[in-house]
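A quick write-up on the structure given underneath.
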Amino acid sequence: MAPKSSDSVEGLRAAGNQSFRNGQYTEASALYGRALRLLQARVSSRAGSSNPEEESVLYSNRAACHLKNGNCSDCIKDCTSALALVPFGIKPLLRRAAAYEALEKYPLAYVDYMTVLQIDKSMTSALEGINRMTRALMDSLGPTWRQKLPPTPLVPVSAQKRWDAMPSENHKDSAKSKCKETTKAKNKVPSAGDVERAKVLKEEGNAFVKKGNHKKAIEKYSESLSFSNLESATYTNRALCYLTLKQYKEAVKDCTDALKLDGKNVKAFYRRAQAYKALKDYKASLADISSLLQIEPKNGPAQKLQQEVNQSLK
């Protein structure tokens, strides 16, 4: 028996959580549905008092019940509603991907798994999903399968910050799970096949850069890194795209990741210095230029950038 629920949104959600933990998915779904209706009625009666985060969580939780019950269509519908309220939520993206996969809608599942990896590249379930989808798509669509995929949305860095900061259902459990996944990802050595796929995808990204399509190049580099994140050039190449698109914080992050792999990566120092300059963090920019010039004292672009930064400080 589920615990007696109160007539509040919070009480109904707590009761739904307990039912879900007890394996009573149909009952949990009904409780989440009641909480949603109550929340929506409360919003209707008080204009301007909407709570999209809580409503999104309730849709996502009900979607989990639908998924457990094998009701994939309703799972997709609820996940889409959750994502419309709070874009780029990891849980609804993963649940929708699983539902698409169960319905053999592999291109749509692939896009959702790839979107998750832009938010958290260490998410094991998404990495495993991408591997399954790649195999399925190669089998069903042939060698040109990537050309037949719908576009993967570009996830802003703010989405990851929101995910890290947002209180959500079972947040402590999510944090523990994320920690375990990160540890697994760090310990995981990419297979020869993964490394080869990563190289092919990086080359596809390079081709898009030459065409001036930096958004598509970022998508390819991100996909490459989901297979193998051991090549610093993929990070510096993606950082160049971020610089071009004026996404400077993302560029800084990629250059930092590249330097963790190769502490003397000249491109990483230069591009991070450029990003720091754009962010008006002149001290950090000069520090990177100094590190670069210790490696290549006669690097002309670095010397020019150093002069520009020094001018900005005056």
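The values are calculated or read from the model by the stated rules, or taken from the named source; none is laboratory data. Bear in mind that the values here come from a model prediction, so they are computed numbers and not experimental data. Counting neighbours? That spans all protein chains shown, and the Cβs are built from the backbone with ideal geometry, glycine included. For the accessible areas, the whole protein counts, side chains as well, though only heavy atoms, and no ligand, DNA or RNA atoms are used. Shrake-Rupley method; radii C 1.70, N 1.55, O 1.52, S 1.80 Å.
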Write down the accessible area per residue of the range 226-314 in Å², having rolled a 1.4 Å probe over the full set of protein chains. 53
To the nearest Å, what is the center-to-center distance of the range 8-30 and the range 240-288, using C-alpha atoms only? 47
If packing is taken as the mean number of other Cβ atoms within 10 Å per residue, what is the order of 33-39, 243-249, highest first? 33-39, 243-249
Provide the descending list of Cα extents for the range 192-239 along its principal axes, expressed in whole angstroms. 30, 16, 12
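Rounded, prolate or oblate, given the Cα gyration tensor of the range 189-293, with a/c below 1.5 counting as rounded?
Judged from the Cα gyration tensor, the range 189-293 comes out oblate (a/c at least 1.5, b/c at or above a/b).
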Over 26 Å (Cα to Cα) among Lys211/Lys298; Lys202/Lys253; Lys253/Lys280; Lys121/Lys199 -> Lys211/Lys298
Rg/Rh for the range 40-148, where both radii come from Cα atoms and Rh is the Kirkwood radius: 1.07
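Can you tell me what the convex hull of the Cα atoms of the range 243-314 projects to on average, as an area in nm²?
Projected area, direction-averaged: 4.3 nm².
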I'd like to compare 221-229, 253-261, 275-283: which one has the highest average count of other Cβ atoms within 10 Å, and what's the full order after that? 221-229, 253-261, 275-283
